[in-house]
Ligand code: FES
C-alpha cells in the first residue's frame, strides 16, 4: 500500500464551483450510493484545471466523494496519467516496456534526454517539457511508442520523428505565447 506523504502538511484546497459541477456530472452516471466510482474522472478534471494532483487536491476529492484520502492517493499513484507534481507544458511519456525497449524505446528515451538536456523524470528549465518513461501504451506494433500529454499517441519514434515532434511542440508553444 502506498503511503500518504507525511513530510509535509497537506494544505487545504477548495474545489471551484466549475470543478464541482463537472464532477457532479460524472457522479450522476453512477447509482447514488456509488459516487466513489467517479474518482478517476474527478481527478482528471482537477488535473486539467491545476496541471497536477496535489495532496490537497487528493484530500478535496476524497472529501467530495466521501472516500478515505488513502484510497484516492492509491488511485493517483497507480495511474501514471496522474501527475503527482507539477509538470511541463508537454509531458512526454516514452514507453520503455520490453517490446518497445527491444525496438528502440530505451534509445528514444535517451535521445530525448540528451536532446532536451534533462534526466528522465525531470522538466526542462523553460517549463516546456517533462520527460518520463511509461508502461505499455498498447501500441507495441508501433514501437517505439510515446504519449504526449496523456492524449496523443506517437508511433515509430526514431530520432528524425522525435526531432520533428519537439520542433512542432516548440512552435506550438511559441504561437500560443504570441497570441
Ligand atoms: S511495449 Fe511499448 S507500447 Fe507496448
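Every read-out reported here was derived from the displayed coordinates using simple, explicitly stated rules and does not represent laboratory data. Fair warning: this is a prediction, and the values are worked out from it, not measured in the lab. Counting neighbours? That spans all protein chains shown, and the Cβs are built from the backbone with ideal geometry, glycine included.
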Linear extension gain, residue 120 paired with residue 164, 0.36 nm per residue minus alpha-carbon span: 13.9 nm
FRET E, pair residue 37, residue 148, Förster distance 41 Å, beta-carbon r, rounded to 0.05: 0.90
Degrees separating the helix 55-65 axis from the principal Cα axis of the chain, which is the longest one: 50
Helix 39-50 vs. the chain, principal-axis angle (Cα, 0 to 90°, nearest 10): 70
Sum of -39500 (n - 2.57) over DSSP H runs of 4+, divided by residues of the chain (222 nm, nearest 500): -13500 deg cm²/dmol
Nearest-ten-degree value, helix 69-78 long axis tilted from longest Cα axis of the chain: 20
Residue exposure sequence - 168, 133, 179, 17 - by fewest surrounding Cβ within 10 Å: 179, 17, 168, 133
Rounded, prolate or oblate (a/c below 1.5 giving rounded, otherwise prolate when a/b exceeds b/c) for the stretch 67-164 by Cα gyration tensor: oblate
Three-way shape call for the chain based on the alpha-carbon gyration tensor, with the a/c threshold at 1.5: prolate
Considering only the chain, percent of DSSP beta bridges that pair antiparallel, nearest 5: 55
Segment residue 102-residue 52, length gained on full extension (0.36 nm per residue, minus Cα span): 14.8 nm
Hypothetical label at residue 29: residues of the stretch 46-61 whose amide nitrogen lies under 16 Å (7 Å Cα-Cβ projection): 46-48
Sorted peptide list for 102-112, 30-40, criterion being average Cβ within 10 angstrom, highest first: 102-112, 30-40
Separation in nanometres of the label points that stand 7 Å from Cα toward Cβ, at residue 110 and residue 77: 3.1
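How would you classify the stretch 17-78 from its alpha-carbon gyration tensor, with a ≥ b ≥ c the square roots of the eigenvalues: rounded for a/c under 1.5, else prolate if a/b is greater than b/c, otherwise oblate?
Oblate, because a/c is 1.5 or more while a/b does not exceed b/c.
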Fewest-first ranking of 26, 177, using other Cβ atoms within 10 Å as the exposure measure: 177, 26
